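Peer 1: First, the structure itself, so that you have it in front of you.
The values are calculated or read from the model by the stated rules, or taken from the named source; none is laboratory data. Bear in mind the structure is a predicted one, so any value in this text is a computation, not a measurement. Virtual Cβ from ideal backbone geometry, glycine too; neighbours counted across all protein chains shown. SASA here: full protein model, heavy atoms, side chains in, ligands and nucleic acids out. Shrake-Rupley method; radii C 1.70, N 1.55, O 1.52, S 1.80 Å.
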Amino acid sequence: MPRKIFFTLQYLKNKPPWDTGITPPEVLNFLENNSPGRALDLLCGTGTNALTMAGYDWQVTGIDYIPGAIRRAKRKVRQAGLTEQVVFTVGDVLDPNIVSEQYDLVLDIGCFHSFSGSDIILYAKNVSSHLKPGATLLLYAHLKENPESSHGISEEDLNDLGKYLKLIQRRDGQESSRPSTWLRYEKK
């Protein structure tokens, strides 16, 4: 609950620090090199990436558990005239019933690294069940700076994800002096 309060308060401000309004080049590269299909955007925030995917003719479902973020996202979609291509839902990405469809792409920018313990396995199972056979998970996450850190993912977390999905590509880097990684998985 404290985490939800923190994020809710951030969205009450004009613009949360993570809401850059810019779709990462890794996502753009994927969109430019793959045929459009159905995409699921986990913790979609104000919908920047969902709108970008719709601009590449994808049908997009965005999920976030902060109602204020979803209200902003819906407003942006209406203003862009993309209400036929993008749907937003307030919900918990760990709920296996939040969506009933399967997708060609699941996009996670900053969702997975907020989970720990048994939620890692639940996340992995849910994402795997939401992907069509051979479909892609694009995942951006902060890496743990040390094993005691409460923020970020560990190699063990990635190994747990690998029990359900096949790692295709990994690129580690830094974001604001924080270790981070871009990962591309496919459904096994």
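Peer 1: Filtering region 68-125 down to residues that are within 21 Å of Thr48 (Cα to Cα) and polar (S, T, N, Q), which residue is farthest from the chain's Cα centre (by Cα)?
Peer 2: Restricting to residues being within 21 Å of Thr48 (Cα to Cα) and polar (S, T, N, Q), the top hit is Gln79.
Peer 1: Another question about this same structure. Which condition breaks for Thr83 when tested against (1) modelled with pLDDT under 95; (2) in contact with a strand residue (DSSP E or B) (Cβ under 9 Å, 6 or more places away or on another chain); (3) more than 23 Å from Asp172 (Cα to Cα)?
Peer 2: The number of the failed condition is (2).
Peer 1: Next question, about the same structure. If you check Asp108, Asp104, which single one turns out to be open to solvent by 20 Å² or more (accessible area, probe 1.4 Å) and at pLDDT 95 or above?
Peer 2: Only one candidate passes the filter, namely Asp104.
Peer 1: When you go through Lys132, Lys163 one by one, which is the residue that is modelled with pLDDT of 95 or more, out of contact with any strand residue (DSSP E or B) (no Cβ under 9 Å at 6 or more places or on another chain) and either over 18 Å from Leu43 (Cα atoms) or of a type in the set (D, E, K, R) (or both)?
Peer 2: Only one candidate qualifies: Lys163.
Peer 1: Continuing with this model, one more query. Considering only strands (runs of 3 or more DSSP E) fully contained in region 107-188, which possess at least 3 residues that are in contact (Cβ under 8 Å) with a residue 60 or more places away in the chain?
Peer 2: 131-142
Peer 1: Only one of (1) in a strand (DSSP E or B); (2) of a type in the set (Val, Ile, Thr); (3) open to solvent by 10 Å² or more (accessible area, probe 1.4 Å) is not met by Ile98, so which one is it?
Peer 2: It is condition (1) that Ile98 fails.
Peer 1: Further, regarding this structure: Applying the selection to region 68-87, what residues are in contact (Cβ under 8 Å) with a residue 12 or more places away in the chain and over 19 Å from Leu138 (Cβ atoms)?
Peer 2: Gly68, Ala69, Ile70, Arg72, Lys74, Lys76, Val77, Ala80, Leu82, Val87 - these are the residues of region 68-87 that are in contact (Cβ under 8 Å) with a residue 12 or more places away in the chain and over 19 Å from Leu138 (Cβ atoms).
Peer 1: Just wondering, is there one or more residues in region 141-156 that are open to solvent by 50 Å² or more (accessible area, probe 1.4 Å) and in contact with a helix residue (DSSP H, G or I) (Cβ under 8 Å, 6 or more places away or on another chain)?
Peer 2: Within region 141-156 (the criterion being open to solvent by 50 Å² or more (accessible area, probe 1.4 Å) and in contact with a helix residue (DSSP H, G or I) (Cβ under 8 Å, 6 or more places away or on another chain)), the answer is yes, since at least one residue qualifies.
Peer 1: State the number of residues belonging to region 13-67 that are open to solvent by less than 70 Å² (accessible area, probe 1.4 Å), over 15 Å from Leu82 (Cα atoms) and of a type outside the set (D, E, K, R).
Peer 2: Here the count works out to 19.
Peer 1: Give Lys187, Lys166 a once-over and let me know the one that is basic (Lys, Arg) and out of contact with any helix residue (DSSP H, G or I) (no Cβ under 8 Å at 6 or more places or on another chain).
Peer 2: Lys166
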